[in-house]
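Encoded as structure tokens, the structure appears first; notes follow it.
The values are calculated or read from the model by the stated rules, or taken from the named source; none is laboratory data. Being a predicted model, the structure only gives us computed values, none of them experimental. Cβ placement follows ideal geometry from the backbone for every residue including glycine, while neighbour counts extend to all protein chains displayed.
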Amino acid sequence: MYRAEVIGSLLRPSYLKDARAAFEQGNLSAHDLKRLEDRAVDQVIAMQEGTGVDVVSDGEMRRFLFMGPITETVEGIEPVAHDSAMPWSSPEGDVEWIPPAAVTSKLRKRRSLVTEEYAYARARARLPLKVTVPSPLVLYGLWSPRHSTAAYKDPFEMFADAAEIGRSEILELVSLGCEYIQVDAPELATLVDPRVRDWAETLGFGAERMLTEGLDLINAMVEGVSGVRLGIHLCRGNNAGMWMASGGYDSIADALFKRVSAFDAIFLEYDDPRSGSFEPLAGAPDDKQVVLGLVSTKAQRLETPTELEARIDEAARYFPREQLGLSTQCGFASVAIGNPISEADEEQKLRLVADTAHAVWQ
């Protein structure tokens, strides 16, 4: 059980952003891009280890999106004019964001991105190394009744294929000796918001199916996998400082806690009032760890240890303190552009997570 956790993505250094742009324009070779990705992975692993956290990731330096193991290495997804805007919010108000691509044909894995990530980072990390794999349901943003139905009559057929790809990635990681895998499932927590529920319902993946059939697909991805720590992470959307949903976990907690039996740890976003109260934690299974995402990756303000300790005390009224952990509420760069904070802010926040967690759980 780890107390001071990272979620996954970290801010891309400016030289890596520039290199990826040059590569996409045909001005940089794949070999040279990979060398710069390697440099960035070395840099962020060293940074994490320096902050004192208990676990590190490769920062997802090789991905454009957190869901890259599906979107960047799988056939069947193309840039198209999407027919449905997703509901997002920003500090300035509500935003309608149109996905730049959709699933247009059967999903087929071309190569394993997580294998490349883990094989390289394993040789660099001195601490336990976490690798993230996207939930199959996260493709709900790439479902288009106009473009996707030629390949899949029902979105859950698409989710099932994505789950098979995800499980193959997980089994590959286990075969390579990976000791910690996290499934990122932000789509589940977005269902707490009626606006998102209504949007999802119009596209054919209503909340009830997502929280039954969908959760069962996610759990089946890891069921029977042994010798590795398994976590599932929920947030309400994290896109360059924007979010999708507001609301507490009350409407999804019962289904979530009952149907993620194969996981060891549940990561929950709790960094601001949009996340609701800790009361739903009373229903969490007593054989799980709950990791509280109390430190924001979307805002520059640095929380204080006193604030975090008070929040942990509050959560411990509903779930045993000895089974809690601390993390940021999400990654710092779910999309490559990153959240509106600096690399110095990022490092301070990870050090805060480590220092606070080690003070609380001495």
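Taking the stretch 122-158, which residues are more than 17 Å from the chain's Cα centre (by Cα), assigned to a helix (DSSP H, G or I) and not basic (Lys, Arg)? Those that are more than 17 Å from the chain's Cα centre (by Cα), assigned to a helix (DSSP H, G or I) and not basic (Lys, Arg): PRO155, PHE156, GLU157, MET158.
Residues that are surrounded by 16 or more Cβ atoms within 10 Å (Cβ to Cβ) and either touching a helix residue (DSSP H, G or I) at 6+ places or on another chain (Cβ under 6 Å) or assigned to a loop (DSSP other than H, G, I, E, B) (or both) within the stretch 263-280 comprise PHE263, ASP264, GLU269, TYR270, ASP271, GLY276, PHE278, PRO280, listed in sequence order.
Of the residues in the stretch 180-208, how many are among the aromatic types (Phe, Trp, Tyr) and modelled with pLDDT under 95? Result for the stretch 180-208: 2. The numbered conditions (1) surrounded by 16 or more Cβ atoms within 10 Å (Cβ to Cβ); (2) at pLDDT 95 or above; (3) in contact with a Ser or Thr (Cβ under 9 Å, 6 or more places away or on another chain); (4) of a type in the set (S, T, N, Q) are all true for SER251 except (3).
From the list GLY231, GLY177, GLY227, the one residue that fits, being under 30 Å from ALA125 (Cβ atoms) and either at pLDDT below 95 or assigned to a helix (DSSP H, G or I) (or both), is GLY227.
Among residues of the stretch 117-145 that are under 27 Å from ILE45 (Cα atoms) and touching a residue at least 12 places away in the same chain (Cβ under 8 Å), those with a Cβ under 9 angstrom from a residue that is among the aromatic types (Phe, Trp, Tyr) and in a strand (DSSP E or B), sequence gap 6+ or separate chain, pair up as PRO128/TYR180; LEU129/TYR180; LYS130/TYR180; VAL131/TYR180. Selection within the stretch 247-283: residues that are among the small types (Gly, Ala, Ser) and in contact with a Gly (Cβ under 9 Å, 6 or more places away or on another chain). The member of this set that is farthest from PRO320 (Cα to Cα) is GLY247. Return the pair list, or none, for Cβ contacts closer than 7 Å from residues in the stretch 331-343 that are crowded, with 24+ Cβ neighbours inside 10 Å to residues that are aromatic (Phe, Trp, Tyr), at least 6 apart or on different chains. The qualifying pairs are GLY331/PHE66; SER334/PHE66; ASN339/PHE332.
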